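Peer 1: Structure in structure tokens, see below.
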Amino acid sequence: MTASLDPSVDLTPFPALRRYLDALPDDERRTAHAQLSRLGPADLSSLGVSEPQYTERDYRVEHITGTIPAELRGTLYRNGPGRWEDHAGRPLRHLFDGDGMVSAFTIDADGVRYRNRYVRTRHYRGKGSVSHMGTAAPGGWRSNIGRVPPNLANTNIVEHAGHLYALWEAGPPHELDPDTLETLGVRRFGGELRWLGSYSAHPSFCPASGAMFNFGVELLPRPHLRIYRTDRTGRLRHFRSAPLPYTAMVHDFAITERYLVFLVTPLIPDAVPVLLGRATIGDTLRYRPEQGSVFVLVPRDGGPIRRVECDAVLQFHLSNAFDDGDDVVVDAITYGDGGLMERIARFHTSPLDDVPSEFTRFRVTASGRVTSEPLSDSPCEFPRHHPAHEGRPHRYAYYNTRQRLGAFYDTVTKLDLTSQAERHHPASAPGNSFCEPVFTPRPGATAEDDGWLLTVEYQADRHASQLVILDAKDPSTGPVATAALTHHIPQGFHGNFAPA
């Protein structure tokens, strides 16, 4: 029997959430209903951002407020799950399990053109495994043994050397047409991406050479990072490999002018039940602080790799890094414990207010000592900075913070790393939330914060989204311009701006 829900909680606007709840075992359903019953009106209305978007569109945005800056020309690409269900329509549990849907906001002299399109992966086309990272395939262990999650191309989207790639860290990229977003195919760069073709969703770009660095986690013959360099012409080559201290999920990295910088978090799966088909990777992936963390510093000139051990750090995203004399400075979004993993494994009904994060600066000294200091204690995620300051000293960081909502980020924040002062732009109404703010420099500008922040705001009362353009010098002054869509974009992960 379906567990009763507090009658004051109306889930009529959220049909996909209701289908998800109906698909849960009784004990999980009761827990999920109890969590929903504790939500206030704003948090409840915010759940609409996790409803799927099935329709693919291509149209000119009619409702624009303010004035779009004349110098701002190009396309904001964004990527994230568009639906959390497998190709048979079965609801999926884990935040990372949804099919990738790319959105493009093209800003030109005529205004804004919006289009979205699902990446035509094997999974989206109804082929391959339905044993996902956090949702097992139906049929018990026999249907899951030896299965690997399908490549969903749902995490990031980057443009390099004239090519547009939808990225998912445990497999090769899918190339898309930059204008139509048509899927052109899986890219292995002439076989350089071998085996599973693991290729992180977080490449780093060298502003001096135009090279794109990236990596993949490989487990055989031992856990290691396989690192790649793609030159400005698009030619990818293996750069070098670096051993890992244990089998770990490594999601992001940073560069400096001397190093590629990896902060290895002890997010470790229990391999035996996964291999036997008795549990998913997402259900066994645990934060194991007793293992400690390791900074892996890979010299860009080919010198010996440095490994510096430190106390355990839980993080997904590095903000930036730079050399300071013989030291290496690394900024990251960090968490106090492993509760985050449980929340994203059941994201539909799990608030984040009891798993706060903070903006932290680490210093790795030449002698092998690691120190840290908090730069902000605002619950935050999705850090960005000026692309010309990638791997270099910088003064400003931009990210999402959570001021009122429990499960989504409802504020865009600028942090002055010198004074540690923050400037905030809160969502325009209760229940609204923002995606990652992308810094876009003004052409020809010299000041580090002379440009705009491009983000997407979900508007709960309309169940629709809008492009928001903020002045990066002071986002607290409110939008320079907005472009309101006629529909919503589901909560996404990452994006980038490609200038015209």
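The values are calculated or read from the model by the stated rules, or taken from the named source; none is laboratory data. Everything numeric in this text was worked out from a predicted model, so none of it was measured. Note that we place each Cβ from the backbone using ideal geometry, even for glycine, and neighbour counts take in every protein chain shown. Protein only, heavy atoms only, side chains kept; ligands, DNA and RNA dropped before computing areas. Shrake-Rupley method; radii C 1.70, N 1.55, O 1.52, S 1.80 Å.
Peer 1: Quick one: work out Rg over Rh on the C-alpha atoms of the chain, Rh as Kirkwood radius.
Peer 2: Here Rg/Rh amounts to 0.94.
Peer 1: Relative contact order for the chain using alpha-carbon pairs under 8 Å, separation at least 6, rounded to a whole percent?
Peer 2: 14
Peer 1: For the range 240-314, what is the relative contact order in percent, using Cα pairs closer than 8 Å and at least 6 residues apart in sequence?
Peer 2: 30
Peer 1: Based on the Kirkwood radius over alpha-carbon pairs, what value in µm²/s does the Stokes-Einstein equation return for the translational diffusion coefficient of the range 169-304 at 25 °C and 0.890 mPa s?
Peer 2: In µm²/s, the coefficient is 151.
Peer 1: Could you put LYS473, LYS414 in order of accessible surface area, largest first, with the 1.4 Å probe and the full protein assembly present?
Peer 2: LYS473, LYS414
Peer 1: Strictly greater than 22 Å: what percent of every Cα pair in the range 56-149 meets that?
Peer 2: 44
Peer 1: Once you mark the GluC sites (Glu not before Pro) that are in a DSSP loop and have at most 15 other Cβ atoms within 10 Å, what is the longest gap between them in the chain?
Peer 2: In the chain, the maximal stretch lacking such sites is 258-500.
Peer 1: Shape verdict for the range 315-457, please, from the Cα gyration tensor: rounded (a/c under 1.5), prolate (a/b greater than b/c) or oblate.
Peer 2: oblate
Peer 1: Still on this structure: With no solvent and one point on each alpha carbon, what is the Debye value of log10 I(q)/I(0) for the range 204-275 at q = 0.22, 0.28 Å⁻¹?
Peer 2: So the normalised log intensities are -0.99, -1.35.
Peer 1: Provide the per residue accessible area, probe 1.4 Å, for the chain, rounded to a whole number of square angstrom.
Peer 2: It amounts to 40 Å² per residue over the chain.
Peer 1: With only alpha-carbon pairs counted, each pair once and no self-pairs, how large is the Kirkwood hydrodynamic radius of the range 395-500 in angstroms?
Peer 2: Roughly 14.1 Å, rounded to one decimal.
Peer 1: How much accessible area does ASP10 have with a 1.4 Å probe, in Å² rounded to the nearest 10?
Peer 2: Looks like 90 Å² after rounding.
Peer 1: Where the centroid of each part is defined by its Cα atoms, how far is the range 421-500 from the range 199-234 in Å?
Peer 2: 29
Peer 1: Once the other residues with Cβ under 12 Å from the Cβ of ALA366 are scored (Lys, Arg +1; Asp, Glu -1), what is the net sum?
Peer 2: Residues near ALA366 contribute 0 overall.
Peer 1: In deg cm²/dmol and to the nearest 500, what is the mean residue ellipticity at 222 nm of the chain if only DSSP H runs of at least 4 residues count, each as -39500 (n - 2.57), divided by the residue total?
Peer 2: -2500 deg cm²/dmol
Peer 1: Which chymotrypsin sites (Phe, Trp or Tyr not before Pro) from the range 171-226 combine a DSSP loop assignment with at most 12 other Cβ atoms within 10 Å?
Peer 2: TRP195
Peer 1: Then there's this: Measure off, as a whole percent, the carbon and sulfur share of the 1.4 Å-probe accessible area of the chain, all protein chains present.
Peer 2: About 50 percent, which is the carbon plus sulfur part of the accessible surface.
Peer 1: Please list, by residue number, everything in the range 260-281 whose backbone N is under 18 Å from a paramagnetic label point 7 Å out along Cα→Cβ of ARG222.
Peer 2: Within reach of a label on ARG222, which here means backbone N under 18 Å from a point 7 Å along Cα→Cβ, the range 260-281 contributes 264.
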